[in-house]
There are 2 protein chains.
Amino acid sequence: MATKQQAQRRAAGSRAAVHRPKPQSANGTGRDHDAEREIGLDALVGHAGYAVRRFQLWIFQDFIKTLAAVDIRPTQYSVMTVIGANPGLSQMAVAKRLGIERARLVHLLDSLEARDLVNRIPSATDRRSHALHLTTSGKAALAQFRRLAAEHERHVAEKIGKENRERLLQILAAFT
Amino acid sequence: MATKQQAQRRAAGSRAAVHRPKPQSANGTGRDHDAEREIGLDALVGHAGYAVRRFQLWIFQDFIKTLAAVDIRPTQYSVMTVIGANPGLSQMAVAKRLGIERARLVHLLDSLEARDLVNRIPSATDRRSHALHLTTSGKAALAQFRRLAAEHERHVAEKIGKENRERLLQILAAFT
DNA sequence: GAAGATTGTTGTTGACGACAACAATTGATG
DNA sequence: CATCAATTGTTGTCGTCAACAACAATCTTC
């Protein structure tokens with residue numbers, strides 16, 4: 001119900017409303033935007049965080065869409081990749097490596113284990129920890145995931161340009 | 001309680017455990033990683049989404065930390081920036097411009113309005129929509145936010161390099 | 001004036017990050 | 001060797017966020 005909205009309208013009556021001070025567009029163009037035309041961002045352009053957020057949103061959506069047939073999300077893919085490349089890792093090691101919390105990894109592994117993609121094998125050397133391995137079907141599945149992920153990566157290259165993608169990876173290499 | 005873990009241990013006994021197939025490090029180095037040493041990511045390196053996720057996490061944390069004194073999060077800052085640069089916009093227009101859902105914007109504006117930073121003024125031309133404006137204190141506050149955001153942006157430049165930041169913004173300009 | 005679209009709102013769902021506890025186990029220190 | 005601190009996996013809660021789905025009020029279009 002839009003009661004709040006109504007209440008506000010009743011209270012505000014029909015005052016101010018068209019009170020629209022000069023758009024003060026600081027970008028120098030000075031164009032107006034009364035309708036839903038171009039909306040200036042001014043200070044927002046030039047903020048790395050904003051651009052990265054938008055890009056991350058786009059890239060994740062494309063990843064999820066491209067891997068929708070196999071129902072694998074980016075985080076799940078990263079977990080399986082690390083385990084596949086380093087069999088026997090503990091949960092702690094995987095979590096630290098991927099920058100996710102061990103509490104969160106528990107649920108991720110629960111779902112992957114329920115789908116018979118990953119195995120938690122009790123470690124012999126440390127009875128607290130689990131040695132993580134891909135199951136046989138997990139290895140086969142990961143191969144397919146990789147192909148789809150490569151397709152997604154091609155989408156990225158199409159979107160921002162092949163050389164720009166390379167440059168991006170190079171710039172952000174310190175975070176991987 | 002770690003009952004699940006225990007049950008698994010009891011069931012598994014002391015079998016496999018050290019069963020650690022060759023690390024199959026495909027990156028060509030062939031170094032091992034039995035301890036918590038270097039953990040190969042293999043296929044994960046070269047995935048733009050992973051790098052971007054890590055970077056986005058870092059950049060947001062730094063933004064939140066840098067603007068902690070004024071208690072402003074990245075999304076709140078972007079909303080105020082757009083409204084400040086384009087007074088009188090409707091919620092729909094702001095949401096579309098920033099790529100956030102109008103449902104989400106409702107709560108964002110609720111909090112900003114509760115802090116007397118933003119005003120929802122009923123539009124005279126369309127009684128469904130609200131014309132969004134910064135309050136007087138909102139404008140003053142935004143000026144301070146901008147200074148802190150600039151400081152945050154300097155952190156980014158320090159982290160990845162001044163010219164790399166420029167390049168990054170240029171590459172992702174299509175998403176802003 | 002009726003039908004359909006739009007706007008703001010509420011609510012739900014699920015992924016996710018951040019914390020805080022906790023039991024079991026290990027490691028270090030006395 | 002006994003004890004205490006640290007680690008590991010687990011459970012739980014909290015808050016943020018994206019994605020939907022509904023809904024009332026209102027606008028637009030025919």
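The values are calculated or read from the model by the stated rules, or taken from the named source; none is laboratory data. Values in this document were obtained by computation on a predicted structure and should not be read as measured data. Please note: Cβ atoms are built from the backbone with ideal geometry, for glycine as well, and neighbour counts cover all protein chains shown. Areas reflect the complete protein model, heavy atoms only, side chains present, ligands, DNA and RNA absent. Shrake-Rupley method; radii C 1.70, N 1.55, O 1.52, S 1.80 Å.
The set of residues in the stretch B:45-56 being more than 14 Å from A:Ile171 (Cβ to Cβ) and either more than 7 Å from chain A (Cβ to nearest Cβ) or among the basic types (Lys, Arg) (or both) consists of B:Arg53 alone. Exactly one residue among A:Lys139, A:Lys159 is surrounded by fewer than 19 Cβ atoms within 10 Å (Cβ to Cβ), within 22 Å of the chain's Cα centre (by Cα) and not β-branched (Val, Ile, Thr), and that residue is A:Lys159.
Among the conditions (1) open to solvent by less than 20 Å² (accessible area, probe 1.4 Å); (2) touching a residue at least 40 places away in the same chain (Cβ under 8 Å), B:Leu168 misses just one, which is (2).
Pairs are defined by a Cβ separation below 9 Å, a sequence spacing of at least 6 or placement on different chains, a first member in the stretch B:119-131 that is more than 6 Å from DNA strand C (Cβ to nearest atom), and a second member that is assigned to a loop (DSSP other than H, G, I, E, B) and among the acidic types (Asp, Glu); no pair meets this definition.
Among the residues of the stretch B:143-163, which ones are touching a residue at least 60 places away in the same chain (Cβ under 8 Å) and more than 9 Å from chain A (Cβ to nearest Cβ)? Answer for the stretch B:143-163, where residues must be touching a residue at least 60 places away in the same chain (Cβ under 8 Å) and more than 9 Å from chain A (Cβ to nearest Cβ): B:Gln144, B:Phe145, B:Leu148, B:Glu151, B:His155. Give just the number: which of (1) in a helix (DSSP H, G or I); (2) touching a strand residue (DSSP E or B) at 6+ places or on another chain (Cβ under 8 Å) does A:Ala69 not satisfy? The number of the failed condition is (2). The number of residues in the stretch A:75-111 being open to solvent by 20 Å² or more (accessible area, probe 1.4 Å), within 12 Å of DNA strand C (Cβ to nearest atom) and either under 16 Å from A:His155 (Cβ atoms) or in contact (Cβ under 8 Å) with a residue 12 or more places away in the chain (or both) comes to 7.
Anything in the stretch A:52-66 that is within 13 Å of A:Glu153 (Cβ to Cβ) and touching a Phe, Trp or Tyr at 6+ places or on another chain (Cβ under 9 Å)? List them, or say none. Once the filter is applied, which keeps residues that are within 13 Å of A:Glu153 (Cβ to Cβ) and touching a Phe, Trp or Tyr at 6+ places or on another chain (Cβ under 9 Å), the stretch A:52-66 yields only A:Phe63.
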